[in-house]
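J.: Structure in structure tokens, see below.
The values are calculated or read from the model by the stated rules, or taken from the named source; none is laboratory data. Nothing here was measured: the structure is a model prediction, and the numbers come from that model. Please note: Cβ atoms are built from the backbone with ideal geometry, for glycine as well, and neighbour counts cover all protein chains shown. To get the accessible areas, we keep the full protein, side chains included, count just its heavy atoms, and leave off ligands, DNA and RNA. Shrake-Rupley method; radii C 1.70, N 1.55, O 1.52, S 1.80 Å.
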Amino acid sequence: MKKYLILVLMVFICACGSRQQFPDWKETAFRNFENYKKNFLNDREGVSEPHFVKVKQALSDGNDLNLLAKIYLTKYALHTAVLEDFDDSEFVRINKLEPGKSNIAYFNFLKGNFTAVEDNFLPSIYSSFVKIARNKDTTKAFAEVNSIDDPLSRLIACGIWIKHFSYDENILQLAINTSAENGWKRPLWAYLIKLQKYYLDHGETAKAQNINKRLDVLKN
Amino acid sequence: MKREVKVGLFIVCTAIIICVALLYLANEKGFFARNYTFTLSSQSGDGFTEGMPVEFSGFTIGKVQKLELNDKGLVLIKIKIPQKHLKWIKIDSTFTLYRPLIGAARIIVTTDNLKSAALPEDKIPEVQIVNDINDSIEKVQPLLDKVTQIAENLERVSSKIDVMAGKADVHVFGSEGTMPQVNKILKDVNGKLERLNPTVDNVNKISTEASEGLKDIGILRSNVDDTLNAVEDVAKGVDSIISRKKEPEIKLP
């Protein structure tokens, strides 16, 4: 009886298993892509770039231009999130060979061409935000950005808003808090410096000095 | 005709022909010609020799037969001129002793008017002397003076250079000169380089060890890679057994 019970248990365990396997290039690309994003946000440029190169190599091995375009768009989004400019030539080159509506929509979104963005093809997380951006409704911007659940998407929305519209310290503080909560050094510094400049531009030197001292402390 | 007669006739004819030939040659050489002797004078006998040629327009027309010294201390030069060349010796002919820089000395006869009367044998014209060697020496003399002056200047400059060399010797090789100091510096540098030798050896040793260590690291890395690949395979196996893993997907953030 005992032998039968063990046999049934083994059959049950084996029945739970399956032999689903994914291509190596896809797994390699995904793993390196996640590492690239993490190291970029942690301001480890020397480590992040090799990961990006590996992602490119893996996707090239898989002959997937759509995914290749996506990783370049992600790279541009990360640069936008840390308030940096980006060179879009690679995406334009790939997009000419294999145009994708979702990619073009995201590209227009990053470039600030909100009227050209097709809402259906943009990630749903930005659907409300893009409407506000299209209407340039600054009063609702903070609340809308704050409602974005994903911290990286929230930072990207902050970056886009700061780049293309007038902003207040609330949205900068939101970006700072988001960066700090996730331990992302690169956007944290970018938004702290931006906030310092904001205070200086608005004549609030004491607050600006306070930010400067905070940066000195954080540097060490 | 007998044989003896023929032989005798041949010998006689041969002898006659030889004699005629000799006479002809002797006549051509002036053996039978009459020679005239003229006497010339000179203050000095320097450059005159017996047998010296007498030339007219580059052709030899006679030679010096004898040299004598008269009671007045003059040198008398007797020249012998054959009759056929007598026409070149006139009363207004001038006689010049020509001593070239290269070649033998000779007496040159110059006659401006060949229609003048012949020179009497008792008249004693004086020989003019042209001396190429002396003329050359006179011309070279200023050059020699200049050369001498240059040599003196060179000597003076050389003496100054000697003095300067002496001073330089003191400055360069003296007890407080440059060279001893350079030697001292070189010795110091040499000593320091010798002290550096062990350091360089150590560096080489370290470099060799590091090189060997890098080889080890290469092997270690390949081992780590193998291990990681094995772990990755196991993880994939576990994933596939558990079957909870979603397909990796790259999404836009």
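J.: If only one of B:169, B:233, B:201, B:226 is open to solvent by 90 Å² or more (accessible area, probe 1.4 Å), over 30 Å from residue A:23 (Cα atoms) and either out of contact with any strand residue (DSSP E or B) (no Cβ under 9 Å at 6 or more places or on another chain) or within 14 Å of chain A (Cβ to nearest Cβ) (or both), which one is it?
T.: Values: B:169 fails: open to solvent by 90 Å² or more (accessible area, probe 1.4 Å); B:233 fails: over 30 Å from residue A:23 (Cα atoms); B:226 fails: over 30 Å from residue A:23 (Cα atoms).
Matching residue, one of B:169, B:233, B:201, B:226: B:201.
J.: Only residues that are in contact with a Gly (Cβ under 9 Å, 6 or more places away or on another chain) and either open to solvent by less than 30 Å² (accessible area, probe 1.4 Å) or modelled with pLDDT under 90 (or both): list them for the range A:25-67, please.
T.: Quick first cut of the range A:25-67, residues in contact with a Gly (Cβ under 9 Å, 6 or more places away or on another chain) only: A:25-26, A:29, A:39, A:41-42, A:65-66.
Result: A:25, A:26, A:29, A:39, A:41.
J.: Within the range B:69-114, work out how many residues are β-branched (Val, Ile, Thr), open to solvent by 40 Å² or more (accessible area, probe 1.4 Å) and under 48 Å from the mean Cα position of the chain (by Cα).
T.: 4
J.: Among all residue pairs at least 6 apart or on different chains, which show Cβ distances below 6 Å where the first residue, located in the range B:154-176, is free of Cβ contacts under 8 Å to residues at least 40 places away in the same chain and the second is surrounded by 11 or more Cβ atoms within 10 Å (Cβ to Cβ)?
T.: What qualifies is B:171/B:177; B:172/B:178; B:172/B:179; B:173/B:179.
J.: Under the condition of being among the aromatic types (Phe, Trp, Tyr) and assigned to a loop (DSSP other than H, G, I, E, B), which residue from the range B:32-50 is modelled with the highest pLDDT?
T.: B:48
J.: Could you check how many residues of the range A:95-124 are assigned to a helix (DSSP H, G or I), more than 14 Å from chain B (Cβ to nearest Cβ), closer than 20 Å to residue A:68 by Cβ and without any contact (Cβ under 8 Å) to a residue 12 or more places away in the chain?
T.: Of the residues in that region, 1 qualify.
J.: A further question follows. Hey, can you tell me all the residues within the range B:42-57 that are among the β-branched types (Val, Ile, Thr) and within 16 Å of residue B:125 (Cβ to Cβ)? Show your work before the answer.
T.: Going through the range B:42-57, the residues among the β-branched types (Val, Ile, Thr) turn out to be B:49, B:54.
Result: B:54, single match.
J.: Could you go through the range B:14-22 and let me know if any residue there is outside any helix (DSSP H, G or I), modelled with pLDDT of 90 or more and of a type in the set (S, T, N, Q).
T.: No.
J.: When you scan the range A:59-75, how many residues do you find that are more than 27 Å from residue A:187 (Cα to Cα) and within 10 Å of chain B (Cβ to nearest Cβ)?
T.: First, pick out the residues of the range A:59-75 that are more than 27 Å from residue A:187 (Cα to Cα): A:59-66.
Applying the additional criterion that residues be within 10 Å of chain B (Cβ to nearest Cβ) yields A:59, A:64, A:66.
Result for the range A:59-75: 3.
J.: Taking the range B:70-127, which residues are of a type in the set (Val, Ile, Thr), in a strand (DSSP E or B) and under 28 Å from residue B:29 (Cβ atoms)?
T.: Selection gives B:77, B:79, B:81, B:96, B:107, B:108, B:109, B:110, B:127.
J.: Can you tell me how many residues within the range A:125-154 are within 14 Å of chain B (Cβ to nearest Cβ) and crowded, with 17+ Cβ neighbours inside 10 Å?
T.: 9
J.: Quick one: would you say residue B:150 is part of a loop (DSSP other than H, G, I, E, B) and either touching a residue at least 40 places away in the same chain (Cβ under 8 Å) or open to solvent by 90 Å² or more (accessible area, probe 1.4 Å) (or both)? Lay out the reasoning, then the answer.
T.: On the way: part of a loop (DSSP other than H, G, I, E, B): no; either touching a residue at least 40 places away in the same chain (Cβ under 8 Å) or open to solvent by 90 Å² or more (accessible area, probe 1.4 Å) (or both): yes.
So residue B:150 does not fit the description; no.
J.: Could you check the range A:81-94 and list, in sequence order, the residues that are under 24 Å from residue A:31 (Cβ atoms) and more than 10 Å from every other protein chain (Cβ to nearest Cβ)?
T.: A:82, A:86, A:90, A:91, A:94
J.: Enumerate the pairs (first residue in the range B:213-234 and in contact (Cβ under 8 Å) with a residue 24 or more places away in the chain; second residue anywhere and of a type in the set (D, E, K, R) and open to solvent by 90 Å² or more (accessible area, probe 1.4 Å)) with beta-carbon separation below 8 Å, excluding pairs fewer than 6 apart on the same chain, so at least 6 apart or on different chains.
T.: From residues that are in contact (Cβ under 8 Å) with a residue 24 or more places away in the chain, there are no pairs.
J.: Looking at the range B:93-109 only, could you name the residues that are of a type outside the set (A, V, I, L, M, F, W, C) and either free of Cβ contacts under 8 Å to residues at least 40 places away in the same chain or out of contact with any strand residue (DSSP E or B) (no Cβ under 6 Å at 6 or more places or on another chain) (or both)? Quick ask: steps written out before the conclusion?
T.: Residues of the range B:93-109 of a type outside the set (A, V, I, L, M, F, W, C): B:93-94, B:96, B:98-100, B:103, B:106.
B:93, B:94, B:96, B:98, B:100, B:103 - these are the residues of the range B:93-109 that are of a type outside the set (A, V, I, L, M, F, W, C) and either free of Cβ contacts under 8 Å to residues at least 40 places away in the same chain or out of contact with any strand residue (DSSP E or B) (no Cβ under 6 Å at 6 or more places or on another chain) (or both).
J.: I'm trying to understand the selection: among the residues of the range A:25-53, which are farther than 16 Å from residue B:248 by Cα and of a type in the set (Lys, Arg)?
T.: A:38, A:44
J.: Search the range A:188-209 for residues being small (Gly, Ala, Ser) and under 23 Å from residue A:178 (Cα atoms), and hand back the single one that is surrounded by the fewest Cβ atoms within 10 Å (Cβ to Cβ).
T.: Here the residue is A:208.
J.: Among the residues of the range A:60-81, are any more than 20 Å from residue A:107 (Cβ to Cβ) and hydroxyl-bearing (Ser, Thr, Tyr)? Break it down into steps so the answer makes sense when it comes.
T.: Filtering the range A:60-81 for residues more than 20 Å from residue A:107 (Cβ to Cβ) gives A:60-63.
Retained after the next criterion (residues that are hydroxyl-bearing (Ser, Thr, Tyr)): A:60.
Yes - at least one qualifying residue is present in the range A:60-81.
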